[in-house]
1. Provide, in order from the shortest bin, the percent of all Cα-Cα pairs of region A:59-109 in each 10 Å bin, continuing until the bin that contains the maximum pair distance.
2. In square nanometres and to one decimal, what's the mean projected area of the convex hull around the Cα atoms of chain A?
3. From the backbone phi of region B:101-113, what are the Karplus-calculated ³J(HN,Hα) couplings (6.51 cos²θ - 1.76 cosθ + 1.60, θ = phi - 60°) in whole Hz, Gly and Pro given as x?
4. May I ask for the Kirkwood hydrodynamic radius of the protein assembly as shown, worked out over all distinct Cα pairs and given in angstroms to one decimal?
5. With θ taken as phi - 60° and the coefficients 6.51, -1.76 and 1.60, list the Karplus ³J(HN,Hα) couplings across region A:55-69 in order, rounded to whole Hz; mark glycine and proline as x.
6. Compute, for chain B, the length of the dipole vector about the Cα centre, with Cβ point charges of +1 (Lys, Arg) and -1 (Asp, Glu) only. Units Debye, rounded to 20.
7. May I ask you to list the lysines whose Cα is less than 17 Å away from that of A:Lys70, ignoring any residue fewer than eight positions away on the same chain?
8. Hey, could you pull the Cα Rg and Dmax for chain B, both in Å?
Amino acid sequence: DPKIIQKPKYLVAVTGSEKILICEQYLGHNAMYWYRQSAKKPLEFMFSYSYQKLMDNQTASSRFQPQSSKKNHLDLQITALKPDDSATYFCASSQDRDSDYTFGSGTRLLVI
Amino acid sequence: QQQVRQSPQSLTVWEGETAILNCSYEDSTFDYFPWYHQFPGESPALLIAIRPVSNKKEDGRFTIFFNKREKKFSLHIADSQPGDSATYFCAASAGTNTGKLTFGDGTVLTVKP
């Protein structure tokens, strides 16, 4: 069974629309993260959360908003989607902020 | 400013040879250095990691060599196998910070049989 569940696996969205990427981890980890992978930037850090608190935000745009309703959930809301947002979005988690990461399987987003 | 630099961009070795992948970093507060590999269509997976208390770490065919003075670290894959063909990413983080890992741009390794 996958330890980090990301939904959906694939997502096609229209420019200007809004989507939510889901991430749930069942590893009992206290820290969760979002990364983006595209041809331009192989693995780009977006956010880190620890005990449901935002620790770091490296996204330049407020269109990207993480949402943590439970300790093991960290969803990513993206508004006003642009074709440039097309990428694979990986959720990851670690026991604590200085521990090894486990990555989810990713959500492949295509904005047309 | 790219904080973690990785080279080469691509590397081809023959089966049985040792593949050497290199990384360098800028931030002297970095104290955790993992290597991940990623197969096409899959997510990155942790291979091996080192902290600067030691300058070498081995796990089977995989060895990290770490040089704190020069701010460099490398991954040696001994007895390379075709199944090792993947993209390899080095990364670094500072333990007292937010958990953020800064990744290099990756090395595409091809092992020819």
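1. The distribution over region A:59-109 is 20, 49, 28, 3, given as percents.
2. Values: hull surface 25.9 nm².
Answer in nm², one decimal: 6.5.
3. 9, 9, 9, x, 7, x, 10, 8, 9, 10, 10, 8, x
4. On the way: mean 1/r = 0.0553 Å⁻¹.
Roughly 18.1 Å, rounded to one decimal.
5. Along region A:55-69, the couplings run 9, 7, 9, 10, 8, 6, 10, 6, 5, 9, 10, x, 9, 10, 7 Hz.
6. Working: 11 positive and 12 negative charges, 77 e Å.
Approximately 360 debye in magnitude.
7. Partners within reach: A:Lys3, A:Lys7, A:Lys53.
8. 13.5, 44
Laboratory data are not the source of any read-out in this text; all were calculated from the coordinates shown. Computed from a prediction, not measured in an experiment: that's the story for all the values here. Neighbour counts are summed over all protein chains in view; Cβ atoms, including those assigned to glycine, are modelled from backbone coordinates with ideal geometry.
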